[in-house]
Amino acid sequence: MRLFLINIIKFGLIVFLLAQLFGFGSLYLLRKSAFYKPSFLANQVIDKEFDYIILGSSTGLTTLNSLQIDSITGLSGINLSMDDTSMGSHYLMLEHFFGLQKKTRYCVLTISDFNMDKENSEMSGNDYRFLPFISESYVYDYYKTYEKGFIKPLVHSKYFPLLGVGYYNAEIFYPSIMSLFQREKRNRFDNKGNYKFPNTNLNIDREFKDVSFDVKNPFFEKIKSLCEQNNVELIVYQPPIFKRRSYTLDSIKNFINHSNILKGKQYFVDFLHVNEEGREKATEALANVLKSI
Amino acid sequence: MLFNSATFLIFFASVFAIYWFVFNHKKHYQNILLLIASYVFYGWWDWRFLSLILLSTVVDFYVGTWISNSQVVKRRKFLLGISLGINLGLLGFFKYYNFFIDNWIEAWSSLGVTMHASSLRIILPVGISFYTFQTLSYTIDVYRKKIEPTKHFINFATFVAFFPQLVAGPIERAANLLPQFSAKRMFNYSQATSGLKLMIWGFFKKVVIADNCAFFVNQIFENSHAYGSTELALGTVLFAFQIYGDFSGYSDIAIGTARLFGFDLMTNFKFPYLSKNIADFWRRWHISLSTWFRDYLYIPLGGSRVSIKKQVRNVFIIFLVSGFWHGANWTFIVWGGFHAILFIPLLLQSKNRRHLHENKIRTIEILKIFSTFVLVCLAWIYFRADSILSANDYMINMFKGNDFSMGVFIKSPKYLLLTLICFSSIILLLFEEVRAYLKGDNEVLLSKTGSAFYILLIMFMGVFKNPIEFIYFQF
């Protein structure tokens, strides 16, 4: 038994060190890449100062085209939205933005009524994208506060990257191998952070609905105060939704509610996301408001 | 509790430590610990169904003793009937009740008679088919006077519920496993290391091969009409390796875990995809079940000592029952029937015992191995499909040969990468298995370096984020 335990410990240690090496290597490669938005912002976005940034989830990513906004308004901005993310991720992205010593005058926060209504502080399924920056206190603290579960692979990746890289291997390990050969590769967004859906039309219908929401999401307050601390004007933007007008009785400063500006299936690929035509119209509408501000 | 979960890792380490450090040399306490651990392991899934295991255990323990004490044939038969009735009754109710009711109603409605009988919402207790067959083997062997009944309830209860193989086998025989609970256990270095290596190999098969293949298999089988011939054919091949990796992976982990506690379980898979014909395949696939059916059904039916007509009948019965054992769906019965049809020509030509104990592959035999694999894959379509109709559709679309695109496998860099992982891990598996086969080994024996290599593959290529249950849990 003694020999067994000694050999297991020796063997385990070697495997552990090798796995740690792979873990560190993987995170290093991804940190130096442009694959996910956090790394893209750190490595490919050279500008330090912006007029505006766009935060949001897939609706922010696919509705707003920062190139078009720039050409209409003469401003300079970047789209930092990430698909399948929540308000918590937007907060973390804002922290990351400031953490990289970058500055902006305006922060356009793309919201959704169901996200604003959420009372619980929850992580999103795509927050692992910040893992290469686990050594930054804001990323670690965020994971530490909000990651749930028994193993908590993201939190413990600070010292044991094999955990996070192994657990999210399809999302972290494989892209890191890819970025070894293609460091400039971005994961479905252009050099201004935009992405558009294919130009298809919505083929189902629904009844028009008015939907009210309350501002309950605790991350909204956090984003607001982070903006205040950094002298950034927060603009809250509700993108177009198919046959839905969302509104709130709570007061939100600088609230641009465009939920009902696009009428017709021809602008949407699904109920929440616009197609190329819808994107152009929605971006134009927002750009005009920004111009007036 | 899943083998591929952190909970199991902690559970296993705790039981192992108490077993060898606290209760070393105290076999009675070791057995009690294993029994408690087994009930915790099972109860983790749903503690209510522990009562079923307990019922089977109590019934078979006492029935075994009473059968042994009685010399009256009628009484012995009656007692055996009680055990069979209770065990198969529970299995039948939990696994097949809704199947029979639904088919009964459908049969009458096809004759124009409307019947109203509602299906019950019955949860299938995990592993019920496995432990029922294991405990039945005990009573039948006592009845046949092949073994003496045990006098130790704890030993018997641990035999029935032994956690490594409780929920998905191997289905052990009392003659092999039960005496091991009475024997003194000493920690054996080579047994423990071989167990650990087998666990690593099992985890590789499960979390790297099976769970990655599942990604494509689920998409293709759930929407088969949307895919072309090549995609469907490759989907079938991936399912063949998914189910093999899943089930044999479980068996390897189970056998490896048992070895770490000083127990030897039977080999359940012996490189089935290197089989040279269907009969050879059935000597290598789910050995504990096929030998169970051989000993407790095929031989009592007359086996091969009856006329050729009856032999054919017996083969059909065995394969159909074996298919039905897997689940209450006609697809499994067709799967069994498909194998029977493939087996019978070999029986008629007396070729069913060819390639017995072979460990060489001649060049010409590569073709035999390939054709056997293709036939097995075709049968898997019925096993995996939701209904016979969808399996037929799948088969027709696959053989239409009108679309050779590889779309689903290369649709994005992520898909391409997963495709590479699936196929390269399958090649690795076959490489290791051919090597072991040619050496005449019963299992893949990893070296130290090999073990380290596979642990790294498990860590960085395994599916952990959304762990997939073992397929055979549902059986």
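The values are calculated or read from the model by the stated rules, or taken from the named source; none is laboratory data. Fair warning: this is a prediction, and the values are worked out from it, not measured in the lab. Because the Cβ atoms are built from the backbone with ideal geometry, glycine has one as well, and the counts that use them run over all protein chains shown. Quick note on the areas: whole protein, heavy atoms, side chains included, nothing else; ligands and nucleic acids left out. Shrake-Rupley method; radii C 1.70, N 1.55, O 1.52, S 1.80 Å.
The table for this structure:
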read-out: Matching residues, the range A:63-85, being closer than 23 Å to A:G278 by Cβ and either part of a loop (DSSP other than H, G, I, E, B) or of a type in the set (D, E, K, R) (or both); value: A:L64, A:N65, A:D70, A:L75, A:L80, A:S81, A:M82, A:D83, A:D84, A:T85
read-out: Members of the range B:387-413 found to be farther than 17 Å from B:Y227 by Cα and either open to solvent by 80 Å² or more (accessible area, probe 1.4 Å) or within 14 Å of chain A (Cβ to nearest Cβ) (or both), listed by number; value: B:P413
read-out: Residue among B:L428, B:L416 that is within 12 Å of chain A (Cβ to nearest Cβ) and in a helix (DSSP H, G or I); value: B:L416
read-out: Some residue of the range B:130-144 being at pLDDT 90 or above and part of a loop (DSSP other than H, G, I, E, B); value: yes
read-out: Residue list for the range A:19-36, restricted to those being closer than 16 Å to A:G99 by Cβ and out of contact with any Phe, Trp or Tyr (no Cβ under 7 Å at 6 or more places or on another chain); value: A:Y36
read-out: Residue check for B:F204: surrounded by fewer than 23 Cβ atoms within 10 Å (Cβ to Cβ) and not small (G, A, S); value: no
read-out: Restricting the range A:1-41 to residues that are within 8 Å of another protein chain (Cβ to nearest Cβ) and open to solvent by 20 Å² or more (accessible area, probe 1.4 Å), the residue that is nearest to the chain's Cα centre (by Cα); value: A:F22
read-out: Any hit, the range A:205-213, residues being in a loop (DSSP other than H, G, I, E, B), without any contact (Cβ under 8 Å) to a residue 12 or more places away in the chain and surrounded by fewer than 17 Cβ atoms within 10 Å (Cβ to Cβ); value: no
read-out: Residue check for B:N359: polar (S, T, N, Q), open to solvent by less than 20 Å² (accessible area, probe 1.4 Å) and either without any contact (Cβ under 8 Å) to a residue 60 or more places away in the chain or in contact with a Gly (Cβ under 6 Å, 6 or more places away or on another chain) (or both); value: no
read-out: Test result for B:T291, surrounded by 15 or more Cβ atoms within 10 Å (Cβ to Cβ), without any contact (Cβ under 8 Å) to a residue 60 or more places away in the chain and hydroxyl-bearing (S, T, Y); value: yes
read-out: Out of B:V208, B:V217, sole residue that is in contact with a helix residue (DSSP H, G or I) (Cβ under 8 Å, 6 or more places away or on another chain), touching a residue at least 60 places away in the same chain (Cβ under 8 Å) and within 14 Å of chain A (Cβ to nearest Cβ); value: B:V208
read-out: Per-region count, the range A:170-190, residues more than 10 Å from chain B (Cβ to nearest Cβ), among the hydrophobic types (A, V, I, L, M, F, W, C) and surrounded by 18 or more Cβ atoms within 10 Å (Cβ to Cβ); value: 1
read-out: Some residue of the range B:1-13 being in contact with a helix residue (DSSP H, G or I) (Cβ under 8 Å, 6 or more places away or on another chain) and open to solvent by 60 Å² or more (accessible area, probe 1.4 Å); value: no
read-out: Some residue of the range B:113-125 being at pLDDT 90 or above and either of a type in the set (S, T, N, Q) or open to solvent by less than 20 Å² (accessible area, probe 1.4 Å) (or both); value: no
read-out: Residue tally, condition buried (at least 17 other Cβ atoms within 10 Å of the Cβ) and either part of a loop (DSSP other than H, G, I, E, B) or more than 19 Å from the chain's Cα centre (by Cα) (or both), over the range A:227-242; value: 5
read-out: Failed item in (1) among the polar types (S, T, N, Q); (2) surrounded by fewer than 19 Cβ atoms within 10 Å (Cβ to Cβ); (3) under 19 Å from the mean Cα position of the chain (by Cα), with A:N115 passing the rest; value: (2)
read-out: Flag for B:G440 being in contact with a helix residue (DSSP H, G or I) (Cβ under 6 Å, 6 or more places away or on another chain), open to solvent by 20 Å² or more (accessible area, probe 1.4 Å) and on the phi > 0 side of the Ramachandran plot; value: no
read-out: Considering residues of the range B:139-193 that are without any contact (Cβ under 8 Å) to a residue 12 or more places away in the chain and over 23 Å from B:F78 (Cα atoms) only, the residue nearest to the other protein chains (Cβ to nearest Cβ); value: B:Y189
read-out: Top-ranked residue in the range A:121-154 [being away from chain B (no Cβ under 13 Å) and without any contact (Cβ under 8 Å) to a residue 24 or more places away in the chain; ranked as farthest from A:S86 (Cα to Cα)]; value: A:S135
read-out: Qualifying residues in the range B:24-59 (those that are buried (at least 17 other Cβ atoms within 10 Å of the Cβ) and without any contact (Cβ under 8 Å) to a residue 24 or more places away in the chain) - the one nearest to B:F130 (Cα to Cα); value: B:L50
read-out: Tally, over the range B:451-467, of residues that are more than 10 Å from chain A (Cβ to nearest Cβ), at pLDDT below 95 and assigned to a helix (DSSP H, G or I); value: 0
read-out: Checklist (1) open to solvent by less than 50 Å² (accessible area, probe 1.4 Å); (2) not in a helix (DSSP H, G or I); (3) not β-branched (V, I, T) applied to A:D47, failing item; value: (1)
read-out: Every residue from the range B:342-356 that is at pLDDT 85 or above and surrounded by 14 or more Cβ atoms within 10 Å (Cβ to Cβ); value: B:L342, B:F343, B:I344, B:L346, B:L347
read-out: Answer residue from the range B:293-338, given it is of a type in the set (S, T, Y) and not in a helix (DSSP H, G or I) and is nearest to the chain's Cα centre (by Cα) among those; value: B:S304
